[in-house]
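Engineer: Below is the structure I would like to discuss, written out as structure tokens.
The values are calculated or read from the model by the stated rules, or taken from the named source; none is laboratory data. The structure displayed is predicted, hence computed values, not measured ones. All Cβ positions, glycine included, derive from the backbone under ideal geometry; neighbour counts span all protein chains shown.
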Amino acid sequence: MDKTKIVAEAGLNHNGEFPKALEMIKVAKECGCDAIKFQYFDPDILCVNRNDFTNYNLLKKICPRPQWIPLLKKECDRARIEFACTVFCKYSAQDVAPYVKSFKVASPEVLDIPFLKELAAYKKTLVLSTGKATFDDLDRVFREVTDNVILLYCVSKYPAEVDDYSVGMVDRLRERYKVPIGISDHTRDIDFSIAAADKGVFMIEKHFKCDEDCVDAAVSLNPAQLAELTRAVRHIDRYK
């Protein structure tokens, strides 16, 4: 049986509170997820690279601290859930490299070919979100980075509507690039993720929250919904 990898996206929903980050690890494990993913960056670098300081003060307040990384990894090991992380520059990659099996790359950074080449040098799996990337954009990526790539089909809306997604894109990406295809689901519920699981996606990444007072509440599942998603996907896995 091929098991769909379910990644609970904690993102920044810990609001910069380390105890909340630890709680999210516990909840993700209890919900049956295979991995929990955080976002790690320096706001000064991120906002310059993206030429966007709109949320600078918020990001400065809630971004994870460097000393969190080994502690989060240790807690994930204790809970027997994979620690994963989105990195946004070569410096954040250097900090997390000893603790992760792969690098997640958000869609705005996917088109930064020099950055992808720097990550590829670590010989870890690259998990790339498609976001607004066109097929021409992705073709350019695959001309430069060819090994150990997973593509996550996603729509860069927060939240997105189910009609913004198409399960047919899973097959189109799989056929074009011959790599494992997953999804990063930004919808409010679990319907599209279940439809994608039925298509045999390799990975499902879904934001979740422990309470409503968090930065990505609008696009995040609560623990009951996350557990329901996991149960539904495991049911599909049984019949593959």
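Engineer: Mind listing just one residue for me: the one in the stretch 76-110 that is part of a loop (DSSP other than H, G, I, E, B) and either surrounded by fewer than 22 Cβ atoms within 10 Å (Cβ to Cβ) or aliphatic (A, V, I, L, M) (or both) and, of those, nearest to the chain's Cα centre (by Cα)?
Structural biologist: Only one residue tops the list, namely 106.
Engineer: If you go through the stretch 214-229 one residue at a time, do you hit one that is in a helix (DSSP H, G or I), in contact with a Cys (Cβ under 9 Å, 6 or more places away or on another chain), buried (at least 19 other Cβ atoms within 10 Å of the Cβ) and at pLDDT 95 or above?
Structural biologist: yes
Engineer: Give me the pairs: first residue in the stretch 1-18 and touching a residue at least 24 places away in the same chain (Cβ under 8 Å), second residue basic (Lys, Arg) and in a loop (DSSP other than H, G, I, E, B), beta-carbon distance under 8 Å, and six or more apart or on different chains, which are they?
Structural biologist: Here the result reads 1/240; 2/240; 13/209; 18/65, each pair linking the stretch 1-18 to a residue that is basic (Lys, Arg) and in a loop (DSSP other than H, G, I, E, B).
Engineer: Any residue in the stretch 40-47 that is over 16 Å from the mean Cα position of the chain (by Cα) and modelled with pLDDT of 95 or more?
Structural biologist: no
Engineer: Tell me whether the stretch 6-27 contains one or more residues that are more than 14 Å from the chain's Cα centre (by Cα) and modelled with pLDDT under 95.
Structural biologist: Checked the stretch 6-27: no residue is more than 14 Å from the chain's Cα centre (by Cα) and modelled with pLDDT under 95.
Engineer: Could you look through the stretch 111-140, keep only residues that are touching a Ser or Thr at 6+ places or on another chain (Cβ under 7 Å) and of a type outside the set (A, V, I, L, M, F, W, C), and pick out the one that is surrounded by the most Cβ atoms within 10 Å (Cβ to Cβ)?
Structural biologist: 129
Engineer: Same structure again: Condition first: farther than 20 Å from residue 104 by Cβ, part of a helix (DSSP H, G or I) and either touching a residue at least 60 places away in the same chain (Cβ under 8 Å) or hydrophobic (A, V, I, L, M, F, W, C) (or both). Now tell me which residues in the stretch 157-209 satisfy that.
Structural biologist: Scanning the stretch 157-209 gives 162, 194, 195.
Engineer: Taking the conditions exactly as written (of a type in the set (Phe, Trp, Tyr) and outside any loop (DSSP other than H, G, I, E, B)), does residue 153 satisfy them or not?
Structural biologist: So residue 153 fits the description; yes.
Engineer: Would you confirm whether any residue within the stretch 158-179 is closer than 28 Å to residue 62 by Cα, touching a helix residue (DSSP H, G or I) at 6+ places or on another chain (Cβ under 8 Å) and not aliphatic (A, V, I, L, M)?
Structural biologist: yes
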